[in-house]
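To start, the structure itself, in structure tokens.
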Amino acid sequence: MVNELVLDHLSVRFALPGKFSLPGATVAAVNDVSLRIRPGECVALVGESGCGKTVLANALLGFLPGNAQTSGTATLTGDGPSLDLLTTSDTVLATTVRGRRIGLIPQSPAAHLTPVRTARAQLEEAVRVHHPTDTAPRDHAHRVAARAGLSPDDLDRYPHELSGGMAQRVANALALVGDPWLLIADEPTTGLDRHLVDGLIEEFRRMVADGRAVLLITHDLAAAQRIADRIAVMYAGRIIEIGPTRKVLEVPRHHYSRGLVDALPDRAFTPIPGQPPLLTDLPAGCSFAPRCDQAAPVCAERPTLTDDDHAVACHLPC
Amino acid sequence: MLTGLRADAITAGYDPRHPVLTDFSLTVHSGQTFGLAGPSGSGKSTLARVLALLHKPFAGTVHLDGVPVTGFRQRAPRAQRTRIGVLFQQPRLSVDPRMTLRTAIAEPLRANGRPADRVDELAELVMLTPELLVRRPHEVSDGQLQRACLARALALRPGYLVCDEMTTMLDASTTAALVNVIRDYQRQTGAGVLAISHDTVLLDHWADHVVTLDNATAGN
């Protein structure tokens, strides 16, 4: 069976307990997201901080907190049984999905590693868990490390002795130990130097060429432009535009995507006016309409995402 | 009189035998934006801390409007310390998590015994809406929190602003918005800005001139 992840009208809501500053409110963090990811492609999910990107990733990995309510489905097919990631128990996710079918490349890898153990100890542990029958876990760890661009000597270091680039490679190696076909990378380029970003982008391209899929979650349009085959633009928890990278960035159809592109320093360097809406109090119609200079009465009704190659959810696209 | 914030032959770091910066000089002129680029480990943040009077250099002097600085950190004279505003990369690590945004923005005013009545004006400057001011840091996004940090940095009307990787955590629109706020402030007050970033595309479009620190000019 073909490896595939299909999100169908996925929504995540958080019920806020009454004692906080927004009593009894519901946060609509992810709304009605439909998306299909297949091996051999990199899909970038871009949007402002707080637009629901990370919540979506956490939903796929089963990392949502207890007050989250989900609806819709996220169906993972391929090697192993077909699963709806939203309803699968944590035990099943921990023993058959995380690290094996879906790998996570975390933000700030140095902080993600255990500070009191060497990179080798952590990598060998992952090898022992994922490949319990392997009689030479150390050699296996060296092979995985070499594939991520690390020498055996590098593995003797503790996390605080690793440079940013090396910590990133250790995180990549850890994510690849269980040979997952899908990698979710959450803001992997934040805070990295130019040449480290270049190295990481090359690494992602290699993973995609190896037949893996990468779901890249980022606010960095420049990085998305260089890695992604497709870009999905998220605003207030919804995907409002999705299409081939070049089309979305060069001829954006949604006014929000156009605003994001125009904000880049090498374009107009002008901000989008206004602020994103509160996720506790989303407008009934198009959630971008209050900030949109093209808004018309028709925008009081919620636009649906079109069903073509370069899809947009806007009544009056650019 | 604003004549510039000048680093003169600064040698600084955390171990005198292995300084991060050696004999480094630069001047941030008033009304101008000085861009400083370079890879991590090249000493950009150390220089930012020295120029913000937060780190004492091993050798060299900092001149503020022609007057040599005599003390750093808590020994920096208040009149000099408050002339320089600072913005850091991680707004979450720069704001007391127990404070509302309103309290955080008013902090420099209170600490200097001035009335805190400018908070609404400052919040409007960085486009923070009143309902956000009653929230605490964990209830707002990185972009909203960095806006509050900028309002706080401008509260005492500094003559110089040191921005150390201020935009790293921000999306393109928030980056453009904050850079525009800083530019407007410079036009009104003639303030000088030191903009530090590893994003050379950003610095090329933001700064009046850009200098790249590499490991050859810094340290040994």
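Read-outs: derived from the displayed coordinates by stated rules, not from any lab. It should be emphasised that the depicted structure is a prediction, and the values quoted were computed from it without experimental measurement. Cβ: placed from backbone, ideal geometry, glycine included. Neighbour counts: every protein chain shown.
Say a site is exposed when it is one of the chymotrypsin sites (Phe, Trp or Tyr not before Pro), sits in a DSSP loop, and has at most 16 other Cβ atoms within 10 Å; what is then the longest site-free stretch of chain A?
A:64-318
For a test of the definition: using alpha carbon positions, the gyration tensor, and the 1.5 limit on a/c, classify the stretch B:1-85 as rounded, prolate or oblate.
oblate
At a threshold of 8 angstrom on Cα-Cα distance, excluding pairs fewer than six apart, so keeping six or more, what relative contact order does the stretch B:1-68 reach in percent?
Across the stretch B:1-68, relative contact order equals 46 percent.
Can you give the calculated 222 nm mean residue ellipticity of the protein assembly as shown, where each DSSP H run of n ≥ 4 adds -39,500 (n - 2.57) and the sum is split over every residue, rounded to the nearest 500 deg cm²/dmol?
The per-residue figure over the protein assembly as shown is -8500 deg cm²/dmol.
Is the C-alpha gyration tensor of the protein assembly as shown telling us rounded, prolate or oblate? Criteria: a/c under 1.5 is rounded; beyond that, a/b larger than b/c is prolate, otherwise oblate.
oblate
Using a basic spin-label model with each label point 7 Å from the Cα along Cα→Cβ, how many nm lie between A:ASP293 and A:LEU278?
In this crude spin-label approximation the distance works out to 2.8 nm.
Please tell me the relative contact order of chain A in percent, rounded to the nearest whole number, where contacts are Cα pairs under 8 Å and at least six residues apart.
20
Rank B:PHE24, A:VAL55, A:LEU123 by how far each Cα sits towards the positive end of the charge dipole of the protein assembly as shown (+1 on Lys, Arg Cβ; -1 on Asp, Glu Cβ) and give me just the farthest.
My answer, from the dipole projection, is B:PHE24.
Given +1 on the Cβ of Lys and Arg, -1 on the Cβ of Asp and Glu, and no further charges, what dipole in debye does the protein assembly as shown carry about its Cα centre, rounded to the nearest 20?
1420
Note down the relative contact order for the stretch B:40-136 as a percent, whole number, built from C-alpha pairs under 8 angstrom at least six residues apart.
19 percent.
Rounding to the nearest 20 debye, state how big the charge dipole of chain B is about its Cα centre with +1 on each Lys and Arg Cβ and -1 on each Asp and Glu Cβ.
880
Can you find, among A:CYS299, B:ALA116, B:SER173, the residue sitting farthest towards the positive end of the charge dipole of the protein assembly as shown, where Lys and Arg contribute +1 and Asp and Glu -1 at Cβ?
B:ALA116
What FRET efficiency comes out for A:ASP84 versus B:THR200 if R0 is 60 angstrom and r is the Cβ-Cβ distance? Round to the nearest 0.05.
The formula returns an efficiency of 0.85 here.
In sequence order, what are the phi-derived ³J(HN,Hα) couplings for the stretch B:122-135 according to the Karplus relation 6.51 cos²θ - 1.76 cosθ + 1.60 with θ = phi - 60°, rounded to whole Hz, with x for glycine and proline?
5, 5, 5, 4, 9, 6, 9, 7, x, 5, 7, 5, 8, 8
Shape of the stretch A:205-309 from its Cα gyration tensor (a ≥ b ≥ c, root eigenvalues): rounded if a/c is under 1.5, otherwise prolate when a/b > b/c, or oblate?
The shape class here is prolate.
Mind checking which of A:ALA236, A:ALA68, A:ALA213 has the largest fluctuation in a GNM of chain A, springs on alpha carbons under 10 Å?
A:ALA68
Report the charge-dipole magnitude of the stretch B:87-132 in Debye, nearest 20, computed about the Cα centre from +1 at each Lys and Arg Cβ and -1 at each Asp and Glu Cβ.
Computed charge dipole of the stretch B:87-132: roughly 220 debye.
Going through the stretch B:1-73, which trypsin sites (Lys or Arg not before Pro) have at most 14 other Cβ atoms within 10 Å and a DSSP loop state?
Hits after loop and neighbour filter: B:ARG17.
Among A:SER163, A:SER49, rank each residue by its count of other Cβ atoms within 10 Å, from fewest to most, as a rough exposure measure.
Ranked by crowding around the Cβ, least crowded first: A:SER163, A:SER49.
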